[in-house]
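Novice: Handing you this structure, nothing more for now.
The values are calculated or read from the model by the stated rules, or taken from the named source; none is laboratory data. Model, not experiment: these values are computed from the prediction. Heads up, the Cβs are rebuilt from the backbone with ideal geometry, glycines too, and the neighbour counts pull from every protein chain shown.
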Amino acid sequence: MLKNLFLSLSQNRRLRQWMEHSETARPLSRRFIAGNTLDDGLAVVKDLARRDVLSALDHLGENVNNETDARTAARTAMDTLQAVAALGADATVSIKLTQFGLDLSETLTMENVLPLVREAKRLNARIEVDMESSAYTQRTIDALERMSDEGPVRAVIQAYLYRTEKDIENLNARKIPIRLCKGAYNEPENVAFPRKADVDDNFKKMANRLLEHGTYPAFATHDAAMIDHVLSHKPAADQFEFQMLYGIRRDMQERVLAGGWRLRLYVPYGPAWYPYFMRRLAERPANVWFVAKSILS
């Protein structure tokens, strides 16, 4: 019930407009968002690097509705990529294709993302392509396959979708690295497993496939049971990495680091933080408590 409420609120335009422009609301997001500017994001990346934590930096945004905004997003992503490379930190850049024009045209999207991927290749970096709702899954995978011909990308695949097993099989065959997550959108039952137990089971099953046949997979989870399942395979430390979200389950982050495993934190920044923030509240009730404590303090 609480999850569905916050997922519904994530699409409320009027509330988004108020929260993203309100000085009162902005402090609520500080636990999960690095800040509004690239410098804010880079400061977090540098701090994490000092702790031997890897980063995936993302300028937040999605579902742009005009070409100007899509091209602006592409320039911002290029600036982000070049800035993290200049730091010398082991950091990737994460993007959502709807921010680059996927709702407008495939041609525009490719014009915006292919130079970014080529630059990542030149800089020995990587572009992480986030997966959005199931309405975009096939188009995102089609774009990823084209992008992988130009440079290093990693696909995000969601365990809660019925189609995931086939997608992983196809991407593994093309040796495209995958980040496996559970999924954070409100999907219909004919598209995604409605029961958490089934999602967990599929996550474990897909983790097995990736450890056996994948190319340097990443496991994006804060769930101790999923982490334990991955480690039960006794993988080599350089065979994979765990990924987690900035500001969430810091106790689990420390546990992974203490075990000597690679950890990459997804570090979002930028003023368009509201949808991301609401999805984080939907994922885990404890996150609501952290926000409530920040209000009370």
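Novice: Tell me, please, whether a residue that is free of Cβ contacts under 8 Å to residues at least 12 places away in the same chain, assigned to a helix (DSSP H, G or I) and closer than 24 Å to residue 13 by Cα can be found in the range 71-88.
Specialist: yes
Novice: Hey, can you tell me all the residues within the range 169-209 that are in contact with a strand residue (DSSP E or B) (Cβ under 6 Å, 6 or more places away or on another chain) and either of a type outside the set (A, V, I, L, M) or more than 14 Å from residue 243 (Cα to Cα) (or both)?
Specialist: Result: 171, 176, 177, 179, 181, 183, 192, 206.
Novice: Between a residue in the range 210-237 that is modelled with pLDDT under 95 and any residue that is of a type in the set (Val, Ile, Thr) and in a loop (DSSP other than H, G, I, E, B), which pairs come within a Cβ distance under 8 Å, given they are 6 or more apart or on different chains?
Specialist: 222/248
Novice: Please work out if residue 126 is basic (Lys, Arg), within 19 Å of the chain's Cα centre (by Cα) and surrounded by fewer than 24 Cβ atoms within 10 Å (Cβ to Cβ).
Specialist: Here the answer is yes, as residue 126 does meet what is asked.
Novice: Failed condition for residue 96, given (1) surrounded by fewer than 22 Cβ atoms within 10 Å (Cβ to Cβ); (2) out of contact with any Lys or Arg (no Cβ under 8 Å at 6 or more places or on another chain); (3) at pLDDT 95 or above, with all others met?
Specialist: Evaluating residue 96 over (1) surrounded by fewer than 22 Cβ atoms within 10 Å (Cβ to Cβ); (2) out of contact with any Lys or Arg (no Cβ under 8 Å at 6 or more places or on another chain); (3) at pLDDT 95 or above leaves (1) as the failure.
Novice: Residue 230 versus (1) in contact with a strand residue (DSSP E or B) (Cβ under 8 Å, 6 or more places away or on another chain); (2) within 20 Å of residue 136 (Cα to Cα); (3) not in a loop (DSSP other than H, G, I, E, B): which is the lone unmet condition?
Specialist: The one condition residue 230 does not meet is (2).
Novice: Going through the range 250-263 one residue at a time, which ones are part of a loop (DSSP other than H, G, I, E, B) and under 15 Å from residue 219 (Cα atoms)?
Specialist: The initial filter retains those residues of the range 250-263 that are part of a loop (DSSP other than H, G, I, E, B), namely 259-262.
Residues satisfying the conditions are 261, 262.
Novice: Within the range 26-55, take every residue that is surrounded by fewer than 16 Cβ atoms within 10 Å (Cβ to Cβ) and modelled with pLDDT under 90 and give me the one that is farthest from residue 250 (Cα to Cα).
Specialist: Initially, the range 26-55 is screened for residues surrounded by fewer than 16 Cβ atoms within 10 Å (Cβ to Cβ), giving 27, 30, 37, 39-40, 43, 46-47, 50-52.
Checking which are modelled with pLDDT under 90 leaves us with 27, 30.
Numbers: 27: 19, 30: 15 Å.
If we take residues in the range 26-55 being surrounded by fewer than 16 Cβ atoms within 10 Å (Cβ to Cβ) and modelled with pLDDT under 90, then 27 is farthest from residue 250 (Cα to Cα).
Novice: In the range 244-264, how many are buried (at least 23 other Cβ atoms within 10 Å of the Cβ) and either touching a helix residue (DSSP H, G or I) at 6+ places or on another chain (Cβ under 6 Å) or over 12 Å from residue 33 (Cβ atoms) (or both)?
Specialist: 0
Novice: Further question on the same structure: For the structure I just gave you, tell me whether residue 209 is surrounded by fewer than 19 Cβ atoms within 10 Å (Cβ to Cβ), basic (Lys, Arg) and either out of contact with any Asp or Glu (no Cβ under 6 Å at 6 or more places or on another chain) or assigned to a loop (DSSP other than H, G, I, E, B) (or both).
Specialist: On the way: surrounded by fewer than 19 Cβ atoms within 10 Å (Cβ to Cβ): yes; basic (Lys, Arg): yes; either out of contact with any Asp or Glu (no Cβ under 6 Å at 6 or more places or on another chain) or assigned to a loop (DSSP other than H, G, I, E, B) (or both): yes.
So residue 209 passes the test.
Novice: Hey, among 166, 121, which residue is part of a helix (DSSP H, G or I), closer than 21 Å to residue 209 by Cα and among the charged types (D, E, K, R)?
Specialist: Values: 121 fails: closer than 21 Å to residue 209 by Cα.
Answer to the selection: 166.
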